[in-house]
Amino acid sequence: MAVAQELVTEACEAWGLARYDYVGRTIMSELATNAVVHTVEGHEVQAWVTRLAGAIEFRVWDPSHAPPVVPQRDFEAEDGRGLMMVRLLASGGCGYRLMDGGPGKVVWARLAL
């Protein structure tokens, strides 16, 4: 996850948007962690940070076609809160799309500027 988080820091600094670094790193960390936990062992995960008009977009690809699942609230659970956090932090929206003609999906979240 450290590589994905560094990607966010480098992008935010390059764009003069360092104030979004902490929230961006949190979003990216949760997206990447979810991809790693739920993908087939040994397969790679890819991450991107893109500047859009009015937002920063965080994307993570994994080879699974299974949709990301936001679990029901369980205050006793020790895990399963990552996508709930992303949903709350992604002020520009979040979602996923299957890759046309290829393996996997991209899960994305946007941080409105």
statement: Filtering the stretch 18-27 down to residues that are small (Gly, Ala, Ser) and buried (at least 20 other Cβ atoms within 10 Å of the Cβ) yields GLY24
message: Every residue in the stretch 9-47 that is within 16 Å of LEU111 (Cα to Cα) and touching a residue at least 60 places away in the same chain (Cβ under 8 Å), please.
response: LEU17, TYR20, VAL23, GLY24, THR26, ILE27, LEU31
- prompt: Which members of the stretch 1-17 meet the condition of being crowded, with 18+ Cβ neighbours inside 10 Å and farther than 17 Å from TRP61 by Cα?
  reply: ALA11, CYS12
task: For the stretch 68-96, enumerate the residues that are closer than 14 Å to LEU31 by Cα, at pLDDT 85 or above and out of contact with any helix residue (DSSP H, G or I) (no Cβ under 7 Å at 6 or more places or on another chain).
output: ARG87, LEU88, GLY93, GLY95, TYR96
Members of the stretch 28-44 found to be at pLDDT 85 or above and surrounded by fewer than 19 Cβ atoms within 10 Å (Cβ to Cβ), listed by number: THR33, VAL36, GLU44
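The values are calculated or read from the model by the stated rules, or taken from the named source; none is laboratory data. Owing to the predicted nature of the structure, the values given are computational and were not obtained by experimental measurement. Using ideal geometry, Cβ is built from the backbone for each residue, glycine included, and neighbour counts are taken over all protein chains shown.
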